[in-house]
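Note sheet for the following structure.
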Amino acid sequence: MRPVPISNPPNPWATTEVEYLEGAPEVRLEVFVDHSRSILAKNDSPDVGFTWSVNPYRGCFHACAYCYARPSHEYLSLGAGTDFDRKIVIKPEAPALLRAAFAKKSWRGETVVFSGVTDCYQPLEASYRLTRGCLEVCVERANPAAIITKSALVERDVDLLSALTEVAAAHVTVSIPFWDPARARAIEPFVATPARRLRVVETLARAGISVGVNVAPIIPGLNDQDIPKILGAARDAGARSAGYVLLRLPGSVKSVFEERLRVALPLAADRVLHRIRETRGGQLYDSRFGVRGSGEGVYAQMIHRLFESTATRLGLRHH
């Protein structure tokens, strides 16, 4: 496993800042344990399509430059850059906590989403099996679940997803924002290739599991032209629904994304940043509900029309 140099934007909650005079040292994977006493997170954002989520991990080895969850690491006195990518927090009691939550009289059997923040099938899941343990609880309690992931590791749990489909409901959304594997690797350096993720869609569909795709995030000027190819290939692989989200760059994510964009794709960086500002009223981000996921302006409208017309032509249900 090749280590990467430490690079974190200043933490707005920290009273000190580290500056390296002779180049940043390299950072390796570190795992920390979170002994939280609850696992269900309730969402009250009006533009997010679910109420309950479970996050067995904090931080994500996938290291996607655009991840909107990066600022959450700053509340742990860590950085939103390589700290988020390599200092991963696990919640080993997650399955037991979920079982206890489902046992409460107040629980109404609503759909639980894995995960609202980081990928529940990031590489550590292969060893810790926390997501699998939580799915086992969902099957035991016949509680519906939905999964959002970029990882091929979800194929390991086809048995549980099939069982959950029989007793309640299960749905998997596979995130595929890029068609070109080189660009995907530049922005999502430790994620399965787009072609591999399409095989995940096919595997799940053949097993009778409800599966869709998320072309997310759409990065204006970089991958919006990929929408028709991704949706067409996803439909052919067995996807029955599709959605998209415009790039979101809250807080420190702006500087992480711009730094990595300029290093990985220097010739495209200025054009991409200009296009992002076109969809955000001249800024890199607009946090308003109802706008943050879709943007505004002519370019954002063009992206919306391209997605809607393509999904409708292909017979994909919009989510």
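The values are calculated or read from the model by the stated rules, or taken from the named source; none is laboratory data. Source: prediction; values computed, not measured. Note: ideal-geometry Cβ built from the backbone for every residue, glycine included; neighbour counts use all protein chains shown.
Among the residues of the stretch 147-162, is there at least one that is out of contact with any strand residue (DSSP E or B) (no Cβ under 8 Å at 6 or more places or on another chain), surrounded by fewer than 23 Cβ atoms within 10 Å (Cβ to Cβ) and not in a helix (DSSP H, G or I)? Checking the stretch 147-162: not a single residue is out of contact with any strand residue (DSSP E or B) (no Cβ under 8 Å at 6 or more places or on another chain), surrounded by fewer than 23 Cβ atoms within 10 Å (Cβ to Cβ) and not in a helix (DSSP H, G or I). As for the stretch 179-193, it holds no residue that is within 20 Å of the chain's Cα centre (by Cα), at pLDDT below 95 and closer than 23 Å to HIS318 by Cβ.
Taking the stretch 192-273 as the region of interest, the helices (runs of 4 or more DSSP H) fully inside it that hold 1 or more residues being small (Gly, Ala, Ser), out of contact with any Lys or Arg (no Cβ under 8 Å at 6 or more places or on another chain) and within 29 Å of ASP83 (Cβ to Cβ) are 253-264. Considering each of ALA184, ALA152, ALA192 in turn, give the residue that is under 30 Å from VAL27 (Cβ atoms), in contact with a helix residue (DSSP H, G or I) (Cβ under 6 Å, 6 or more places away or on another chain), free of Cβ contacts under 8 Å to residues at least 12 places away in the same chain and not β-branched (Val, Ile, Thr). After ruling out the rest, the residue left standing is ALA184. In the stretch 297-316, is there at least one residue being closer than 18 Å to TYR68 by Cβ and outside any loop (DSSP other than H, G, I, E, B)? Yes: one or more hits. Please tell me if ALA100 is without any contact (Cβ under 8 Å) to a residue 12 or more places away in the chain, over 29 Å from ILE6 (Cβ atoms) and in contact with a helix residue (DSSP H, G or I) (Cβ under 9 Å, 6 or more places away or on another chain). Against the criterion (without any contact (Cβ under 8 Å) to a residue 12 or more places away in the chain, over 29 Å from ILE6 (Cβ atoms) and in contact with a helix residue (DSSP H, G or I) (Cβ under 9 Å, 6 or more places away or on another chain)), ALA100 does not qualify.
Let's see how each residue does on (1) in contact (Cβ under 8 Å) with a residue 40 or more places away in the chain; (2) among the aliphatic types (A, V, I, L, M):
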| position | (1), (2) |
| --- | --- |
| VAL201 | no, yes |
| SER210 | yes, no |
| VAL245 | yes, yes |
| PRO250 | yes, no |
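Only a single criterion out of (1) in a strand (DSSP E or B); (2) at pLDDT below 95 is not satisfied by THR118, namely (1).
Residues of the stretch 257-280 that are free of Cβ contacts under 8 Å to residues at least 24 places away in the same chain, more than 19 Å from CYS64 (Cα to Cα) and surrounded by 12 or more Cβ atoms within 10 Å (Cβ to Cβ): ASP270, ARG277, ARG280.
Going by the structure shown, is ALA80 at positive phi, of a type in the set (Gly, Ala, Ser) and in contact with a helix residue (DSSP H, G or I) (Cβ under 7 Å, 6 or more places away or on another chain)? Answer is no for this residue.
Might you check whether a residue that is assigned to a loop (DSSP other than H, G, I, E, B), more than 23 Å from ALA264 (Cβ to Cβ), among the polar types (S, T, N, Q) and at pLDDT below 90 occurs anywhere in the stretch 54-68?
no
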